[in-house]
Amino acid sequence: METLLRFRGRDYGASEVTFIRDLIAAHPSKSRRVLSRLLCEAWDWRQSNGRLRGQVCRSFMLALHRAGHIELPPVRRVMPNPLANRRKREPVEVDQTPLECKLAELGPITIEQVRRGPDEALVEGLIEAHHYLGYVQPVGEHVKYLISAQARPLACMTWSSAPRHLAPRDRHIGWSAEARLQNIRGVAYNSRFLILPWIRVPHLASFVLGRVTRRLSRDWEDLYEHPIHFVETFVYPERFKGTCYYAANWKFLGKTTGRGKDDQSKTQNRPIKDVLGYALSKRFQQLLGELP
């Protein structure tokens, strides 16, 4: 079969393109969104929860349209992109009195999952103001944590859906392309980790990291009805050593290419970072390698 388009690791040829052309011809008055729903139903493209994979299908059909293989109807409405004109998070007022002590002297440490809760804006504001990368709203599934002691915030963390392609991680898991597509949702990415700059408590970062990873899968399942088996992060070695991750038994998996997820040039266009990973289950390779 001659490949006309490769999309998300699968090849599509003339028979699939002809089917889509016939579908469009049979529904000349339908919008792109409706056509993608009809194609999902025809091909039974569904998420693990049974819902149609409408957004993925629309991206697939748009790729065919741009390559000249099909002709989609004109766009009827342009959906607003909240990331294009991202409004900065409002500054938040917290106690910034320097706190320097031993970990044991902090007293009880509270770790709260704040996604969809009243303190979510507090976490976003603190990261925006004090993390060197600022705050960016995660795309897809994600959770956020506020870490506190002595009735004041100490740290914040965000975890997001993992990038689809990451060679060091994929080799470590031993994924086939099909297993990765099916099970990528079982991997989470530590996108932000902030110890507030006026908090000076040795070993706090590795302690928090260990506590959060022990509960992360359960919290994720409460929100999204599936567990997490493996976690990863990127460390910029020219700025950080990743000490807290290594102290919490994370492993060095390799380095990024410095090209980004949507690169077409095959040349480095951003800093190369270390990829670190940590298994939440001893059976992570088996669980992530299973196919339906």
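Readers should treat all values here as calculations from the given coordinates under stated rules, not as data from a laboratory. Remember, it's a predicted structure, so these values are computed and weren't measured experimentally. All Cβ positions, even for glycine, are placed from backbone atoms using ideal geometry, and neighbour counts span all protein chains on display.
Counting lysine pairs in the chain whose alpha carbons fall under 29 angstrom apart, excluding pairs fewer than 8 residues apart on the same chain, gives 29.
Taking a ≥ b ≥ c as the square roots of the eigenvalues of the Cα gyration tensor, an a/c ratio of 1.5 or more together with a/b no larger than b/c marks region 5-66 as oblate. Where a ≥ b ≥ c are the square roots of the eigenvalues of the C-alpha gyration tensor, would you call region 176-292 rounded, which needs a/c under 1.5, or, failing that, prolate if a/b is larger than b/c, or oblate? Oblate, since a/c reaches 1.5 and b/c is not below a/b.
Comparing Gln96, Ala67, Leu126 along the charge dipole axis of the chain, the residue lying farthest to the positive side is Ala67, per the Cβ-charge model. When region 5-66 is described by a simple charge dipole with +1 on each Lys and Arg Cβ and -1 on each Asp and Glu Cβ, the residue from Gly13, Trp45, Leu23 located farthest towards its positive end is Trp45. For region 99-289, relative contact order (Cα pairs under 8 Å, six or more residues apart, normalised by length) works out to 22 percent.
Based on Cα contacts under 8 Å between residues 6+ apart, region 1-152 shows a relative contact order of 17 percent.
Take every DSSP beta bridge whose two residues both sit in region 172-292; close to 75 percent of them are antiparallel.
Only the Cβ atoms of Lys and Arg (+1) and of Asp and Glu (-1) were treated as charged; on that basis the dipole of the chain about its Cα centre amounts to roughly 520 debye.
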